[in-house]
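The values are calculated or read from the model by the stated rules, or taken from the named source; none is laboratory data. Remember, it's a predicted structure, so these values are computed and weren't measured experimentally. When we count neighbours, we look across all protein chains shown, and the Cβ atoms used for this are built from the backbone with ideal geometry, even at glycine.
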Amino acid sequence: MGYYAAKKWYQFRHNYLGITAVFLWASFAIAQPSHTRLIYSHSLLNGTPTAGETIVNSGGAYIAGKGWQASTSASQLTITLAEPLPYEGTFVIDVTNFDPASQYVEDLKLHIINLYSRVYYNNKDIFYTDGSWCNIRTGIAYSTNPGVTAGFKFLAAARGIDTRDEQRCIEDHTWNLADIHQFKITWTRSSIYCSMDGVVYSTLPFSGQIEPFKYLLIGKDNLIWGYAAQPGVIYGNLRIYGRQNPTIQARSRIFLQGAYNTATHTMSTTLRANNLLPLQSPYPEAPYTATSIPTNIVDWLLLNVRRTPTSTSQGACSVWLRNDGQLINPQTGGEVLQIPIDSGDYYLVVQHRNHLAAMSSSRYLFDGINSKTHDFTTGLDKYYNNCGALAVETGIWAVHGGDMDADKSIASGDYNLWLNNARDGEDGYVLSDINLDGYSTSRDYVLWFNNAHLGAGSGLP
């Protein structure tokens, strides 16, 4: 068994005169994160989904007022979550009618809790992938008095076989079937913890996870024959928690065609120079009000993220666009942008009030610690579906101007909006001002016309 500096629990096995004594104690309390924001919960009193997940009961039974029971060693409750879990979280479940000594089945490795990033059937292929997983395995193998006492082992791998580790947690314990135990698994970007009844029994390394947990297997494991369920155990009150007020970090650059100046290779800041930029963000999805705006700011943008190209926004923030194309955090004045959402894999989406929206061509793993960077200015290949932008200079790309009605295309609806504003002489901070000079004029019309003639549209689905 490996030794890790992060562990606060140690196990020493001393052999003397043929007698093995096992000692397990804590030298001091383990500092593990406290997750309090509920992400998912299920009573396990039935198989009815509560949050878009799928639940499959194989060979088990729902016990009124208690939960799901692994009736035999072949029983399994499979929960496939609607969305992957964040890269830091806590899984909690109540367990009763639990005695690994009396419920042991000969020649089988018995499991009670299994978390996976992907699932396989009757093989161990996940061990040789980037998949992440953890198991709690029970049995009399963790005992010097089989049939009377028993314990359990915790196993985990953040990313494939090379990161696998395991630790025996309790040995020679006497159990009472009437007791209700609470098992907890907490994971971060560096460690994974296994607890029972408020006591941490194992801390294993867990760095490098790139595939988040999504599959919860209660009872039997999926790997091969022999990784069975501990029969008789009843599970209930499943909860999963995440970090309170989580954020991910990003950096990005983008140019707006209407404001771009080929002479200076930057964008115009006329709106700011004429005090036309509002202190309040124009995006109600992510409200923010600044006390002042720097002189090199072009306009407000909305930055949000999607899990898939066609999903809705998962989180958003209002940001400033600096004249060199850099997105700026209005709260800090820095280039690191904070999006209020759990860690995960996301596409970046940038939206402006009268230019086409842009989505990153790649999906990034945001771990909640390190920032990811996407530069839209360097090529059309940086845009999802390779469209929605044009070269304003050799090697310099900007999003098309003219999508005033935010329908992801530049068409007659945008023209009508411009025409009405131009006729009424509206100026200032208005949607019809495509070149961002503070006026609705023929120059904006020319931008609209050329892009409409091209059939310009956003690559955003």
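Quick rundown of the values:
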| item | result |
| --- | --- |
| Complete set of residues in the range 420-461 that are surrounded by fewer than 16 Cβ atoms within 10 Å (Cβ to Cβ), hydrophobic (A, V, I, L, M, F, W, C) and closer than 25 Å to L277 by Cβ | V446 |
| Test: A398 is free of Cβ contacts under 8 Å to residues at least 12 places away in the same chain, in contact with a Phe, Trp or Tyr (Cβ under 6 Å, 6 or more places away or on another chain) and not in a loop (DSSP other than H, G, I, E, B) | no |
| Selection count where residues are under 19 Å from the mean Cα position of the chain (by Cα), surrounded by 20 or more Cβ atoms within 10 Å (Cβ to Cβ) and more than 16 Å from V92 (Cα to Cα), scope the range 108-132 | 3 |
| Residue under evaluation F98, criteria (1) under 19 Å from G151 (Cα atoms); (2) modelled with pLDDT under 95; (3) in a loop (DSSP other than H, G, I, E, B), criterion not met | (2) |
| Segments classed as strands (runs of 3 or more DSSP E), wholly inside the range 168-261, with at least 1 members that are under 25 Å from A74 (Cβ atoms) | 180-187, 191-196, 215-219, 227-229, 234-242 |
| Selection from the range 386-405 of residues that are farther than 14 Å from D444 by Cβ, among the small types (G, A, S) and in contact with a strand residue (DSSP E or B) (Cβ under 6 Å, 6 or more places away or on another chain) | G388, A389, A391, A398 |
| Pair list, Cβ < 6 Å and 6+ apart or interchain, from the range 144-166 residues that are closer than 18 Å to E106 by Cβ and in the same structural domain as S117 (by TED's automatic domain parsing) to residues that are assigned to a loop (DSSP other than H, G, I, E, B) and of a type in the set (V, I, T) | T149/T174 |
| Single residue of the range 38-72 satisfying the filter (within 31 Å of the chain's Cα centre (by Cα) and at positive phi) that is surrounded by the fewest Cβ atoms within 10 Å (Cβ to Cβ) | G52 |
| Output for the range 262-292, where each listed residue is surrounded by 14 or more Cβ atoms within 10 Å (Cβ to Cβ) and within 32 Å of the chain's Cα centre (by Cα) | S281, P282, Y283, A286, Y288, A290 |
| Subset of the range 343-377 (residues that are under 19 Å from the mean Cα position of the chain (by Cα), among the small types (G, A, S) and either crowded, with 22+ Cβ neighbours inside 10 Å or not in a loop (DSSP other than H, G, I, E, B) (or both)) | S343, G344, S360 |
| Selection count, the range 73-90, where residues are touching a residue at least 60 places away in the same chain (Cβ under 8 Å) and either surrounded by fewer than 17 Cβ atoms within 10 Å (Cβ to Cβ) or farther than 27 Å from Q32 by Cβ (or both) | 6 |
